[in-house]
Amino acid sequence: MSKASTIAELRERIDILEEENRQLQEALYPDEMSPMWRYGLTKCEIALFNRLLQTELATRETLVNVLEATTRKPGAQKTVDVMMHKIRRKLKHSPHKIHTVWGIGYRLEKCQ
C-alpha cells in the first residue's frame, strides 16, 4: 500500500467522522444551542452565553452560580473572567459581542 493511498483513506475517514460528529450534535442539542457548538463553545461556555442572552446585565456572582450548577464544582469569579475571554475569542466572527461592565459583570450586545 502506498503512502498516497493511506493519506487519501485517512482524509476520507476524517470526513466521515466529522459528518457523524455534526449529526450527533444536531441530535443531542436543541436548535437554540447548536449554533453555539458551531463556534466551538464548550458546555460551560454555552451555559454562560445562554445566561447573557436571558438578561440585560449578568453579574459575576450570577455567572459563578451558572458555572457551579453546570459543573457541580465550586466556581470563582476569576474563572468567569477567563471563560468570558475564551467566549469572546470564539465568537469574534459572530454577531454577538460581550462587554464588561466594570465592577458588576457582563452584558451581551447583538451587532448587525
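The values are calculated or read from the model by the stated rules, or taken from the named source; none is laboratory data. Computed from a prediction, not measured in an experiment: that's the story for all the values here. Cβ: placed from backbone, ideal geometry, glycine included. Neighbour counts: every protein chain shown.
Could you check the range 72-112 and list, in sequence order, the residues that are in a loop (DSSP other than H, G, I, E, B), free of Cβ contacts under 8 Å to residues at least 40 places away in the same chain and either within 18 Å of residue 43 (Cα to Cα) or among the acidic types (Asp, Glu) (or both)?
Those that are in a loop (DSSP other than H, G, I, E, B), free of Cβ contacts under 8 Å to residues at least 40 places away in the same chain and either within 18 Å of residue 43 (Cα to Cα) or among the acidic types (Asp, Glu) (or both): 72, 73, 74, 75, 76.
Of the residues 63, 17, which is surrounded by 13 or more Cβ atoms within 10 Å (Cβ to Cβ), more than 19 Å from residue 111 (Cα to Cα) and modelled with pLDDT of 80 or more?
One residue alone meets the criteria, 63.
Can you report the number of residues in the range 20-60 which are of a type in the set (A, V, I, L, M, F, W, C), over 17 Å from the mean Cα position of the chain (by Cα) and at pLDDT below 90?
Within the range 20-60, residues that are of a type in the set (A, V, I, L, M, F, W, C), over 17 Å from the mean Cα position of the chain (by Cα) and at pLDDT below 90 number 1.
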